[in-house]
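First comes the structure, then the notes that go with it.
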Amino acid sequence: MNYNNVKFVRSAAAEKDFIDDGRKQIVFAGRSNVGKSSVINRLLGRKNFARASATPGKTAHINYFLIDDQVYLADLPGYGYAKVPDAEKLRWAKLMESYFERTDLISAGVLIVDLRHKPTADDVTMAQWFKSVGCPLVVLANKSDKCKKGEISANAALIRETLGLGERDELIIFSAEKGEGRDRLAAALEALI
Ligand code: GTP
Ligand code: MG
């Protein structure tokens, strides 16, 4: 797949805006501020394509990017950010509920967690959702550049255990900042689609 051929297609705030054109869709999910947009930027080799924001919760829509006219990347708004108003949380919950009902639209998932921390209950729910609907999932442990070298393997093991990953489930150690894991992610996505 040619990642240089990429178009921003649409921001969806409600179900009527979901893309449903028969092309495959890979969804990028994870906690607010974990680096979903930065991971997409790194994958594409662009600095600021998917908006990377220093303000958590700012990406309140599902942003669709079309790669090589073949596959969509869907950048989801992050979960678990405490400081957003209740009305916004509700809006987010409705959007996510309607999105994850559309299993027919979702071909594969990339769940992004923070390599430094134990996955949250929401991360576990997310991983279980992919398993329960039989949708292929790649887990990516981001911000490796902020993790001490000596802690990486123990942290990766804790992530595997907490998310219930099997031996054959892929966990990619990643740094959107430095580029570690970029080619592994690209290869994993090629294998999924
Ligand atoms: P929401 O859209 O708000 O849910 O956030 P997001 O998950 O898309 O996170 P985003 O890409 O906006 O990144 C959040 C912050 O983390 C930004 O300040 C990024 O620069 C930083 N960040 C993302 N990935 C990395 C990484 O691998 N290493 C380091 N050091 N910082 C990172
Ligand atoms: Mg984002």
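A short reminder: the numbers here are calculations on the coordinates, not readings from a lab. As the structure is a prediction and not an experimental result, all values here were calculated from the model. Neighbour counts are summed over all protein chains in view; Cβ atoms, including those assigned to glycine, are modelled from backbone coordinates with ideal geometry.
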Q) Quick one: of the DSSP bridges fully inside the chain, what percent are antiparallel, nearest 5? A) 35
Q | the range 1-126, dipole about Cα centre (Lys/Arg Cβ +1, Asp/Glu Cβ -1), debye to the nearest 20 | A | 560
Q | Residues of type lysines that K7 reaches as a straight line, Cα spacing below 19 Å, ignoring anything fewer than 8 places off in the same chain | A | K24, K36, K47
Q | For the range 85-125, convex hull of alpha carbons as volume per residue, Å³ | A | 94
Q.
Shape verdict for the range 6-192, please, from the Cα gyration tensor: rounded (a/c under 1.5), prolate (a/b greater than b/c) or oblate.
A. rounded
Q) Among G179, G22, G80, which one moves the most in a GNM of the chain with springs linking Cα atoms closer than 10 Å? A) G22
Q | Unit charges at the beta carbon, dipole of the chain: most positive-side option, A157, P85, L73 | A | P85
Q) With a sphere of radius 10 Å drawn around the Cβ of L192, what net charge do the other residues whose Cβ falls strictly inside it have (Lys, Arg +1; Asp, Glu -1)? A) -1
Q) From the residues I112, G134, F18, which one has its Cα farthest along the dipole of the range 6-192 in the positive direction, the dipole being from +1 and -1 charges on Cβ of Lys/Arg and Asp/Glu about the Cα centre? A) I112
Q: Please tell me the relative contact order of the chain in percent, rounded to the nearest whole number, where contacts are Cα pairs under 8 Å and at least six residues apart.
A: 23
Q) If you take the square roots of the eigenvalues of the alpha-carbon gyration tensor of the range 130-185 and sort them as a ≥ b ≥ c, do you get rounded (a/c under 1.5), prolate (a/b over b/c) or oblate? A) oblate
Q) GNM on the chain, C-alpha springs below 10 Å: top fluctuator among R168, R42, R23? A) R168
Q | Within a Gaussian network of the chain (alpha carbon springs, distance under 10 Å), most fluctuating of V138, V27, V124 | A | V124
Q: Only Lys, Arg, Asp and Glu count, each charged at its Cβ (+1, +1, -1, -1), so figure out the dipole size of the range 124-193 about its Cα centre, rounded to 20 debye.
A: 160
